[in-house]
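The values are calculated or read from the model by the stated rules, or taken from the named source; none is laboratory data. These figures come from a predicted structure and were not determined experimentally. Every residue, glycine among them, receives a Cβ derived from its backbone with ideal geometry; neighbour counts consider all protein chains shown. When the accessible area is computed, the model is the full protein with side chains, heavy atoms only, and any ligands, DNA or RNA have been set aside. Shrake-Rupley method; radii C 1.70, N 1.55, O 1.52, S 1.80 Å.
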Amino acid sequence: MKFVIRKLFALILILIAGYFCYLHKNWFVEQYHHAKGMYYIYKGDRAYSADNMGKTLEYYLAGLKLYPKHYEAWFNLGNIYAVYEDYYSAVDAYEHAIEANPKFVMAKMNLGIVYSEDLGFFDDAIKQFDEITQINLLKLWIPFVYSNVKSIKGNRGLAYYNKGVAWKRKAMYLPKEKQYLMNEYLGNAIEAYTKSLKILKENYDLYYNRAIAHHLRGEYKEAGLDYCKAIKLSPMKYEGHYNLAVLLRQLDKNRESISELQKAALLISESPNSSTIESAYIFNLLNEVTRRLITSDDYYTQKLTDSMIDGVSYTYVNGKIVADDDFDKAIFKNFQTCSGITYFKSKQEE
């Protein structure tokens, strides 16, 4: 009798489960698809780690077809498309990621960068960066275990930086009939860079890009001070020295301009990524400013010595600079020293 009751009870449970499955069959089918989709996405992650982009795309697309709300897979897919310069597909993938997770900061960040730097959709880019600064994420801090406070703050600073880049690019691509808006857009860029600096603090790219915006607006004192700050932070990057030299040339500070051009020339000659065109620009400008200095009245009062850097001589062997430790330190210190800093500080005091 007990055996019959147990059998009957088991049969009732099976019937109830079957009825429940029948009523919610769509839910069960959806869970099956999710599980299968996750499996394909897992295989896509493995293929991505193995640098097999063909298989990665195949698995991700198969997985997302079954599980379209997997925002991290959409994000990875967008990154792949961006690397291969399929920017419209990248935008579509990032938008799907954001649709699945509206607070997905990095998807918004990358979408904004593609809009700004690759497609020229500056207003759309600025909108994404603004939204990032307004997102309130839960801050977690567990001592010695986990903290996302720094990353949340850093991403907000990065969003302001990219917003500044977007405003600067928008100013540079204005049509002729709207050139009068350039100063306004560059001012917006400066404001964004300044907000970013309050978060990211000592950052070469921020000071360098803010200097360019000031330079283009004709705010030479501010530009000079920012170039000098950028140079102090990263003295071995030739761009800061070159742009400062151009600014000093505009101010008829020929001697200081030559000093910065010499540094830029030395750095670009040692850079494996430099182009012949960039080198030609630097050396042509150096020749021009040198001619201007030679013909000026004060040239003969303090003649330049090309083989000296602040009293330290340098030597070339097979086209390369040879340096011992003391000389290397002297070179680095010299490259950190900003020509014209006294001039710009005096202007600031005025």
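Shape verdict for the stretch 70-211, please, from the Cα gyration tensor: rounded (a/c under 1.5), prolate (a/b greater than b/c) or oblate. Taking the square roots of the gyration eigenvalues as a ≥ b ≥ c, the stretch 70-211 is oblate.
Applying both filters, DSSP loop and at most 14 other Cβ atoms within 10 Å, to the GluC sites (Glu not before Pro) of the stretch 72-123 gives 85.
Full extension of the chain segment joining residue 250 with residue 92 gains 52.3 nm, where the gain is 0.36 nm per residue of separation less the Cα-Cα distance. Charge tally for residue 248 (other residues, Cβ to Cβ under 9 Å; Lys, Arg +1; Asp, Glu -1): 0. Per atom type, the stretch 151-283 shows carbon and sulfur on 50% of its accessible surface, probed at 1.4 Å.
Summed over the residues of the stretch 168-237 and divided among them, the accessible surface reaches 50 Å² per residue at a probe radius of 1.4 Å. When nucleic acids and ligands are ignored and a 1.4 Å probe is applied, residue 337 ends up with an accessible area of around 70 Å².
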